[in-house]
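This report concerns only the one structure given below.
Rule-based calculations on the coordinates, nothing more; no lab input. Treat the numbers as computed from the prediction; the structure is a model and nothing was measured. Every residue, glycine among them, receives a Cβ derived from its backbone with ideal geometry; neighbour counts consider all protein chains shown.
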Amino acid sequence: MESRTEAVTILKNNDPGRPRHLSKHFHLLSVPMILLPALVFARQSGQSHFNSMHLIDLVYNCNFDGAIHLLDASSSLSTDPLRLDFYRAVIFWQKMVYLDSAGVNPGEAKSAFMKSVGDVVLLGEARLATDPKDTSALFYTGFALGYLAKMDAAEGDEFKAAHDGDKGLKYHRELLKMCPEEYDVYFSLALFNYYTGFLPWYLRPLLFILGKSGSKQRAYEYLNVVRRKGTIVKYEADDILGEFYGRVDKPDSVILVYHRLIDRFPGGVLHYYDKLTWVLGDSRHYNREARQCRKAIAASDTMAMNRVDSMYLAKLYMRLAAVYEKTGRDSDAIDTYRSMAGRRLDPSLSARAHFSLAKYYERERDPRKAMREYRWVLDSAMQPELLEEARRGMKRLGSY
């Protein structure tokens, strides 16, 4: 890993002023800007009226109400509305991701996010029109444009995402020139190199907009710089590093990275297990995926779960059963579906568990049990496609 001097040299030699940065959360072509620690700018402006690291801890522990309460309690003390809007956008963005990943409609969080991020852009660009060297405005405005690019990509408009991301990077070019030794800044370079380094061939034309392709090796180096020496964004760097290890087929490293987040943020255990098992499954390491699903389910036994936790747990049960089916362990799959259905975690996924049991019993020529499960689906399911399939199943069995 580079020393501080070597890292700064890499940053300067690679011309941080060029548009270099692609990223995602929902989609490969989302273009988030640098998640720099606002403490840097708080120090510069003399504003440290609330504990930023405490707020980030609340966010990563999925305690979004607590984070908003802390921010609201501090609003009368801060003289920088741009900073407050920035943190509000961060909170609601992470809440959107948390809810969407669990299968919950994030509508209210999305509306709140869009308002906050829009306010950052409007106020930030007004300040930059007066003072182009305003470091706080350069950061926050670029950051906000990056989040807007994420939304563009999530809604399927990759070229608008690239355009907004490129615009934000022009602000960050000036920022990097003034703050070249802040380790969190390397996160922007890490993300650009990561996502352009892994960009599929059919999206390569976007590199003409962004100006340059990236390097997987540089992505790895920058992510480790941020993870080891950064402050607030080191947790985000860990998340991306976990994905990186999945793409380069290092499953044990994937597990190590996500368990750092699981151990550090107990309030988000099932959220991070969901991400961990998804990465393992996406890289087809099914035995490891199953083992981590079982660990998550075991961890839930001692948790006081809310509704979203229950939905994450239901997803993990379904993922475990699917792994068992893929690997020919039908009896284990059936036991998993039964256990999940018995816990009544999420009505939608419970219906799918009962439907899977019905299909299994039908294949095993046990019509009595199959009809029992199909009837449960017909009585309780809300999904039209499952209801139709259950009716067909009952007709095949001669009882509908």
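If we count other beta carbons within 10 Å of each Cβ, what is the order of 98, 194, fewest first? List each step's numbers first, then the result.
Values: 98 20, 194 27.
Result, fewest neighbours first: 98, 194.
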Which order do the peptides 104-117, 176-189 take when ranked by the mean count of other beta-carbon atoms within 10 Å per residue, highest first? 176-189, 104-117
How do 382, 305 rank when sorted from fewest to most other Cβ atoms within 10 Å of their own Cβ? 382, 305
Test of understanding: ordering 130, 327, 141 by Cβ neighbours within 10 Å, fewest first, what list do you get? 130, 327, 141
Among the listed pairs 150/359; 95/369; 167/315; 95/295, which have their C-alpha atoms separated by more than 30 angstrom in this model? 150/359; 95/369; 167/315
Cβ charges +1 (Lys, Arg) and -1 (Asp, Glu), total dipole of the range 231-282, debye: 120 debye
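Could you sort the peptides 362-372, 159-169, 346-356 by per-residue average Cβ neighbour count (10 Å cutoff), highest mean leading?
159-169, 346-356, 362-372
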Two-site label geometry, residue 366 and residue 306: point separation in nm, points 7 Å out along Cα→Cβ: 3.9 nm
Give me the one-decimal nm value for the distance between modelled label points at residue 125 and residue 380, 7 Å along each residue's Cα-to-Cβ direction. 5.2 nm
In terms of the charge dipole of the range 346-400, which places +1 on Lys and Arg and -1 on Asp and Glu at the beta carbon, the residue among 350, 378, 397 farthest towards the positive end is 397
Specify which residue in the list 254, 312, 273 is farthest towards the positive end of the charge dipole of the range 208-331, using unit charges on the beta carbon of Lys, Arg (+1) and Asp, Glu (-1), about the Cα centre. 254
When the dipole is taken about the Cα centre of the range 346-400, and only Lys, Arg (+1) and Asp, Glu (-1) are charged at their Cβ, what size is it in debye, to the nearest 20? 300 debye
